[in-house]
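Everything on this sheet refers to the single structure shown next.
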Amino acid sequence: MTLDFARRVEVTLRLNARSRTTVVSPRTTLLDWLRDDIGLTGAKKGCNEGACGTCTVLVDGRRMNGCLTLVVQCEGRSVTTVEGLAGMKGAGEVGGELHPVQRAFADHDAFQCGYCTPGQLMSAVACIAEGHATDDASVREWMSGNICRCSAYPQITAAVLAAAREEAGR
Amino acid sequence: MRDFAYARAGTAEAAVETLAGRQTAVIAGGTELLNWFRLGIAAADRVVDIGGLDELRGIARDGDELRIGALATLNEVGEHPLVTRLAGALASACLQAASAQVRNRATIGGNVLQRTRCPYFRAEEPLPWPCNKRDPGSGCASLAGRHERQAIFGWTQDCVAVQPSDPAVALAALDARADVLGPAGPRTIPMREFHLTQREAAAAGEPMRETRLGADELITGYRLPVSTAGQAYVKVRERASYEYAIVSAAADVRLAEGAGGPRAAGAGEQRIAAARVALGSVAQRPWRLTAAEAELPGTPLTREALLPVIERAMADAVPLPQNGFKVTMARNAAVRALLAAGGAA
């Protein structure tokens, strides 16, 4: 069987709970697609090499770097960006209640300039879901893929632990 | 990133077929390949995606062997109860590699094929300096420039780079074998021989070759003999997390039974029955300290007793002008890994 290599590829995936079909060049990263084609600019293009984490999104619930993921690798998968975190208002419109992790970040001043925040939030949601938000050291280790140049790490750690406690209490 | 044509492989055989002749790259997680494309380290007209091959997934025990599919991610390997229990050094090495996000994409098959982190090599094209890996025959800017992070074993005047993979060090220490599929069918490569030093590659007439894997071959998985001995992976780095190793060490230690009485009598009473130990980031391959392994049975599990054994096994180290400290650091990492594996640290 000889494989068919294509220069344009149709991909169907779920984006923030809504199904989408798109046609892309194979080299299109999930990050570039989200920002340039879909207009979801929450995920940021910091280093574009997997070093900073500000492009972190969830793919099938797992956190990943959008800059290290091709759209063609997301066929049939479910992608969640920071825009999909807050409660949905109507048919796929965003703007509802803040997600508990978002609220915890606001309550704990877990950012200064905010550039890393979308990635920190997505990483934190996953970190809590994975069960790694147990104590300071564990949060620092499992959140190390998200760099904050304002160095709000103590506040970010506190916010993640507070959100984890809240989640456990529900 | 230049564009390429893309296809999803339905079977491992179909993927291997595409590797013959034309310039085709394999993508699994993609964490390394995409950066190669961006920097110009690799270019491919075609990319074949093996990410959907369920046959390459999964972690299972098969008698006395642990089988790990090439597509298992570093987080899956690192957190799998079978790996934690029967190959603890590998689990630890996986979880100390990269970041949580990268580990959710990066696969154990692709990880050992990552290239060196030498900053002269990892620059965007066109390179402003010589690098024999990027432009054969141009020279080695690192040898003439900064090389404090480079090799202390096996380097040549052509290249002084080290292989940075953490899992590869554990796989070599634990006598894992890679299952490989090529056009002629499957074969296995022992992981302690998988990578080549610059000197080994030069002796084989291919000075820039880095592994024994053929260009038309695919890693499909690994098999490790299960071990109930204590294990540890020690990684020394400039920050506590999400950083490449300056040096690292994987160890597996079985203690002599009853030799020293209860541990309460003092850790000095414990003696080693058998041990395996490998260093990482000291050469372009994981560096098994076989001379030490021969000497360790009967050695007390103490820092004082282990230091001279490791020192003798590292006597052939040839540090570069700027990295003599790595000899000491690697020695200490090996001792720490042995102590931790034996339960004394």
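Here are the numbers for the structure shown:
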| quantity | calculated |
| --- | --- |
| Whichever residue in segment B:210-252 is of a type in the set (A, V, I, L, M) and touching a Leu at 6+ places or on another chain (Cβ under 6 Å) and, among such residues, is modelled with the lowest pLDDT | B:VAL226 |
| Residues located in segment A:109-131, provided they are facing chain B (nearest Cβ under 8 Å) and either within 14 Å of A:GLY42 (Cβ to Cβ) or in a loop (DSSP other than H, G, I, E, B) (or both) | A:SER123 |
| Of the criteria (1) outside any loop (DSSP other than H, G, I, E, B); (2) free of Cβ contacts under 8 Å to residues at least 12 places away in the same chain, which one B:ASP135 fails | (1) |
| Qualifying residue in segment A:139-160 (condition: over 22 Å from A:ALA51 (Cβ atoms), within 13 Å of another protein chain (Cβ to nearest Cβ) and either over 18 Å from the mean Cα position of the chain (by Cα) or touching a residue at least 24 places away in the same chain (Cβ under 8 Å) (or both)) | no |
| Hey, A:THR81 under 19 Å from A:THR41 (Cβ atoms) and touching a residue at least 60 places away in the same chain (Cβ under 8 Å) or not | yes |
| Options B:GLU55, B:GLU125: the member that is in a loop (DSSP other than H, G, I, E, B) and touching a Gly at 6+ places or on another chain (Cβ under 9 Å) | B:GLU125 |
| Scan of segment B:22-48 for residues that are over 17 Å from B:ARG115 (Cβ atoms), buried (at least 18 other Cβ atoms within 10 Å of the Cβ) and more than 7 Å from chain A (Cβ to nearest Cβ), ordered by number | B:THR24 |
| Residue check, A:ALA137 among the hydrophobic types (A, V, I, L, M, F, W, C), outside the structural domain of A:LEU68 (by TED's automatic domain parsing), modelled with pLDDT of 95 or more and farther than 25 Å from A:GLY46 by Cα | yes |
| When residues of segment B:98-113 are limited to those that are part of a helix (DSSP H, G or I), polar (S, T, N, Q) and within 12 Å of another protein chain (Cβ to nearest Cβ), the one farthest from the chain's Cα centre (by Cα) | B:GLN101 |
| Residue within segment A:20-35 that is within 14 Å of chain B (Cβ to nearest Cβ) and at positive phi present | no |
| Matching entry among B:LEU82, B:LEU19 (being assigned to a helix (DSSP H, G or I) and either more than 9 Å from every other protein chain (Cβ to nearest Cβ) or without any contact (Cβ under 8 Å) to a residue 40 or more places away in the chain (or both)) | B:LEU82 |
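The values are calculated or read from the model by the stated rules, or taken from the named source; none is laboratory data. Just so it is clear, the model here is predicted, and its values are computed rather than measured. Here the Cβ is made from the backbone with ideal geometry for all residues, glycine too, and neighbour counts use every protein chain on show.
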